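The values are calculated or read from the model by the stated rules, or taken from the named source; none is laboratory data. Computed from a prediction, not measured in an experiment: that's the story for all the values here. Here the Cβ positions follow ideal geometry from the backbone for every residue, glycine too, while neighbour counts run over all protein chains shown.
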Amino acid sequence: MKVLEKYKKDILKSRKTPLIIELSKKDLDSISKNDVCGVTISLVVAKAIYDSPLKDTTKTNLIYLDGDNTKSLEHIYLLEEFLDLSSEYLQDIKNVAIVKESIRAGLSFTTGGLLKSEVGAIIDSGVEMIADTISSDVVDPFIDTILEHIDIDEKITNILNSKVFDHIKANNLHLSPKSKKIIAELIKQLKKDMTPAESFRFIIELILSVTIDMPTLLYIKNPHKLDKNSLAILSLLFSYSKDAKDQGKHTGLSVIYAYEDEEFQPYTNVKAKYKLSKQLLDEQRLYTQRYAMLERPTSDIPHIAVKSSVFVGRQDELANLNERYYYSKKHKDIDTLETISGEPGIGKTKLVKKHLEYIRKQEEKGSKQIQLTLLNQVGHISSNTGLASLTDAIVKEASRLESVKIFSEKLKDKGKNYVLNKTVDTIKSTLGVDALIDIGSAIHDSVFIEGQKERTKQNTVGELDNKSQDKKQVQFTNLTRVIKQLKELSDDTMPIVLFIDDLQWIDEDSSEYILQHFIKQFNTHIVATIRSGDANKSLSEAYKNSEQNPYKIAFLKKVDIKIETAIDSGINTKTIEHQSTHLLGLNTKTLQLLISQVITGDEAKHKTLATAIIKELNNDKNKDEVNTLFAVETINMLCDKKLYRDRIKDDNIQIKIEELIITDTKSRYNPEVKDFKTSLETTFKILHDAYTKAFEHINAEKGKTEFKQKFNLMAYAVLEERLKILKIYFGNHGNAAVNTLLFSSLLGTPFNSTIVKNVLESIENTKEELLQPLKEYILKDTKKTSLTEVHYEIIAEVYEILSRYIGFDNSYEYRHSLLNIFLNKQLEYQLNKIFINAKTESKDKMYELILHEIENEETEKSIYEKNKQDLNIQQYRNMCFYQNMEQNVLQVAYLNNKIMWAKEYTISLHNLSLSYGDNNQTIEAIELAKKAISILKELYSIDSSKWVEGYILSLNNLSNLYYVNKQIKESIDKAKIVYNILKNINKEYSSINTTGHYVQNLNRLALSYSDVDIKQALKFSIEAVNITEKLYKTKDQKNWGEDYSYSLLNLTFIYHEMKYFKKMKETANKAFKVIEKLYQKNNSRWAKYYFRSINNLISLPDKNIINDEEIKLFEKGFLEIKKLHENNPNMWGEDFVLSLHNLALISSPIKAIELEKESRLIL
């Protein structure tokens, strides 16, 4: 009956603080007794506790709703139930049926809009528009002392023994005099023409009114069967309850969800008809768990004293940020740029979020304020960062602002033809959010030869000039256009707020858009976090290629990042007024204030605790400051009852830490502790002794490592202890929880939880002899080796170690980089302890196993073995996601055994470099390519025959990236190295296709030289054609057709640039004939090249040399391209525009003008 006892405690707790209590079918079955079902027993217990204070036994403080009784999805069960409870007050309302229908319509319309936008909007957007209008009379600073002398167990036993249970489901609700008065006043405010916001406010106030002076419990059986409107109302209630809780108040309402239906259980897949309900209920669960408002009788959810939502100190910094916002609002010709600098874990992002929250609340129309985010992360694919993250933020903000509009307007004003989320859909369409990514014209295959051919193909004649620049400017134009659409939903008096995270990693395109477009078009207030040390490195790298990074240089210089090199970027940033704020760690005063907010007790103990924490965590004993993350984790550790468990020292002596802090609903100092200071010092000494050995081992690494810079012994001990406490809470899954975190650090961030699970299960089942010690470690003390979704939720929402990574299934990232550093070092330490013998070989086997699981998971996705040009946006992101994880593992493997892993590691660097380059992250791609070359160059010098192919592939890739980045000299230099290698290669020991690489190198040199020496470019191009033509005609058309056609297309481009149009025409005809044969054999593979070769035939200034047959061929091809464009505009947009342009050349002047207009519109 442990579940029942825990359930009783949860019910008692729910009277003091708002809770959701979840009961699964398994929970209900475990508390059933004889012939009495679990639902009945749980109702009896809840009713006995909640009704104990009532003198009138015919009344109740429990409201029972049965999801099975939901009449229809249009029926709003919750509304009807509470209107019935208020029926006597509705008698005096005229046209009550019309009024009821008005409320129903408002709720249904709003919920429909919110759900169409995104599920989270119900909680995140809804409450912010009604919270300030809800009467303060409906919440109380309620303290429950009534039940202290009542024997609940006796009352429950009496009810169960009577076996009369019909009355427990009767909703004859007790209402206090004050409650009746407020309900009566509330009913008088009803009218037949209410806005959706007024409808929601009414039902929220009505529900909360019944709880005045007496807490009320809402028991819902099978909540998944409730209508979506009722679930939306409950979501808003929880959000409002959280706000009230933050102010030390209790709405008086808690909820029990009893999942009796076997078809729908928490954390399981459900039938399609319940998908929406699952989304809403999952969102509620995450939200309430995040703010300590969720209980499950079968789960020992820990109490976390300091949550991420707690904010203390920083008042001067916050006031300054707020003041600067209003300065920007007043001076619309000035853009304010505020940077918050400081070390990781210091609280930069928390300060910014508090600032954004404050200005939105203070503005009269704050809910209409536009707040956007631009994320920057070194080494991450740009589909998740940079302007892509700004695009995501715009779509989300459009959704939220549309919700605000839905809430505030009367239904009659919307009209019959009103379309929900019209602006959102328009913005998505403009930004191409739902379209396929344009991979076909910009992406390599993973093998460089194919990639090189793609690059050659792109530069053939007839394509639009400066294509990449055109694409970028189109993106900039579209971003500005959709932000203007956002402004239509906003209030023009307020500046647009842009939060830039990790400004030090901003890319050139993002910098250009912000400085050249965003601030020139809009009144803006920009707030950015930055790490100065990393910013210096980033600026130094940008200066190395200053011509390609003028905007990034200008941006970083504007925020006072200085290095020795002083180059004027020439970018005007005078309209931006910059102020910087540097954050230090928490000082004694601020830390004492934080402690006072989470622990009840006298100020002397607060000060003693604050002083001790700073002393223990601070490497510099003369400084009165401490890293915020470490300080918070120390407080959480001291407030956790599991800290005070029995311990065994190395010499088998049992010790116990005296319980300093007692935690139930709130933490308080233990009155039994006589000398708090001495006991606290003893606690820290015990932790010192417990973790000194492990810390010294980890810290023994030579050099100035990041771990040494960030961690001292106590910081390490605190995080290690928190891991052990987490392990205890997870019970049978304790080892699995710790191992999951450790192995996830190997995959990098973000990581895929399914892969971690599969890795641990593979280790559990492995028969590899070298991995048996690891297997024993994984299986130690338990048979549970992997985690479920509920465990990840606890780690993410309760412990706040992880957070969900939006965009990928089952993916998470670390909330703080310091946690990633710690876990990585901890894994390294554990592996060195586990693998006593054959360390290197054992780790190699482990890396093989992990890489195998990454590959297995990737093969199950729709991206595996697909041509990149066939991938949509999400599939492309998934591909890069897996490449990143693979590269992270191979990097560690390479450091463990360079000889064994050099080839795979450099290939992974190469492939990731290709993906970064294809995704317009050229700088990052160059760095990866250089990293691969630095390894391969050394290996090539040792054994040229073995490493020559990898070396020249990487050099060619880097040459290509330099060319794309307009570093022509560097591009030629790298291509020449390849040229010289291939010219002098010893064919006797070379197993590579030397001729194929040589041809690709010739084409590479031709393209690079075309910008600086067109005649030299022509020589290289002609040589490539001569070689491939001979091989194509005499050897193997199948194998050499591709190289030959690419060489011809390349030569066509060179002739065009030199204005040798007759030779260009001859070469274009040759290319067409070769590609036509290939196209006939494989339409899908060669469609793009085929239609571009047709375009080349008529891309001539002199129409007289274009014959009728070619025109007919082009017109036929044009119709086919038009169809392809209609089916997939993102993939075929440029080809269709090119075809429109060429069609204009052979059309009448009037028709030509129309076609050019159409092409510009599409572009």
Qualifying positions in the stretch 181-203 - within 21 Å of Thr60 (Cα to Cα) and in contact with a helix residue (DSSP H, G or I) (Cβ under 6 Å, 6 or more places away or on another chain):
Ile182, Ile183, Ala184, Ile203
Test: Lys784 is touching a residue at least 12 places away in the same chain (Cβ under 8 Å), touching a Gly at 6+ places or on another chain (Cβ under 9 Å) and not assigned by TED's automatic domain parsing to the domain that holds Gln289:
yes
Taking the stretch 253-291 only, how many residues are in a loop (DSSP other than H, G, I, E, B) and either touching a residue at least 40 places away in the same chain (Cβ under 8 Å) or closer than 23 Å to Lys47 by Cα (or both)?
10
If a residue must be polar (S, T, N, Q), over 16 Å from Val790 (Cα atoms) and outside any helix (DSSP H, G or I), how many such residues does the stretch 731-759 contain?
1
For the stretch 480-499, check the following and say yes or no: at least one residue is of a type in the set (S, T, N, Q), in a loop (DSSP other than H, G, I, E, B), modelled with pLDDT under 90 and under 22 Å from Thr430 (Cβ atoms).
yes
When the stretch 888-921 is checked residue by residue, the ones that are under 24 Å from the mean Cα position of the chain (by Cα) and touching a residue at least 60 places away in the same chain (Cβ under 8 Å) are Asn888, Val889, Asn911, Leu914, Ser915, Tyr916, Gly917, Asp918, Asn919, Asn920, Gln921
Given (1) modelled with pLDDT under 85; (2) farther than 20 Å from His75 by Cβ; (3) among the small types (Gly, Ala, Ser); (4) not in a loop (DSSP other than H, G, I, E, B), identify the lone condition not met by Gly248.
(4)
Identify the residue in the stretch 335-364 that is surrounded by 19 or more Cβ atoms within 10 Å (Cβ to Cβ) and more than 26 Å from the chain's Cα centre (by Cα) and, among all such residues, is farthest from His582 (Cα to Cα).
Asp335
Within the stretch 16-53, restricting to residues that are surrounded by fewer than 22 Cβ atoms within 10 Å (Cβ to Cβ) and under 15 Å from Pro215 (Cβ atoms), the one that is nearest to the chain's Cα centre (by Cα) is Thr17
Among (1) out of contact with any His (no Cβ under 6 Å at 6 or more places or on another chain); (2) part of a helix (DSSP H, G or I), the one test that Ser954 misses
(1)
Considering only the stretch 568-576, I want to know if a residue exists there that is surrounded by fewer than 20 Cβ atoms within 10 Å (Cβ to Cβ), assigned to a loop (DSSP other than H, G, I, E, B) and of a type in the set (Lys, Arg).
yes
Cβ contacts < 9 Å: first residue within 16 Å of Gln1037 (Cα to Cα), restricted to the stretch 1075-1090; second residue surrounded by 20 or more Cβ atoms within 10 Å (Cβ to Cβ) and charged (D, E, K, R), any location; separation 6+ or different chain. Result?
Ile1075/Arg1092; Leu1078/Glu1042
Hey, Asp1013 hits all of (1) at pLDDT below 90; (2) more than 45 Å from the chain's Cα centre (by Cα); (3) among the acidic types (Asp, Glu) but one; which does it fall short on?
(1)
Within the stretch 641-661, can you find the residues that are at pLDDT below 90 and in contact with a strand residue (DSSP E or B) (Cβ under 8 Å, 6 or more places away or on another chain)?
Lys641, Tyr644, Arg645, Asp646, Arg647, Ile648, Lys649, Gln654, Ile655, Lys656, Ile657
Quick one: how many residues across the stretch 206-262 are more than 17 Å from Ile21 (Cα to Cα), basic (Lys, Arg) and touching a helix residue (DSSP H, G or I) at 6+ places or on another chain (Cβ under 7 Å)?
2
Just wondering, is there one or more residues in the stretch 677-691 that are within 19 Å of Ile801 (Cβ to Cβ) and either free of Cβ contacts under 8 Å to residues at least 40 places away in the same chain or hydroxyl-bearing (Ser, Thr, Tyr) (or both)?
yes
Specify which of the listed residues (Ala97, Ala105, Ala48) is at pLDDT 80 or above and small (Gly, Ala, Ser).
Ala48
Quick one: how many residues across the stretch 760-786 are assigned to a helix (DSSP H, G or I), under 30 Å from the mean Cα position of the chain (by Cα) and more than 15 Å from Asn832 (Cα to Cα)?
4
If you go through the stretch 590-611 one residue at a time, how many are closer than 28 Å to Arg531 by Cα and in contact (Cβ under 8 Å) with a residue 24 or more places away in the chain?
5
Based on this model, can you work out whether Arg815 counts as surrounded by fewer than 20 Cβ atoms within 10 Å (Cβ to Cβ), under 18 Å from the mean Cα position of the chain (by Cα), under 30 Å from Asn627 (Cα atoms) and in contact (Cβ under 8 Å) with a residue 60 or more places away in the chain?
yes
Within the stretch 246-283, the residues that are within 27 Å of Ile204 (Cβ to Cβ) and basic (Lys, Arg) are Lys249, Lys275, Lys278
I want to confirm something. Restricting to the stretch 1033-1049 and keeping residues that are closer than 19 Å to Ala1006 by Cα and of a type in the set (Gly, Ala, Ser), which single residue is surrounded by the fewest Cβ atoms within 10 Å (Cβ to Cβ)?
Ser1045
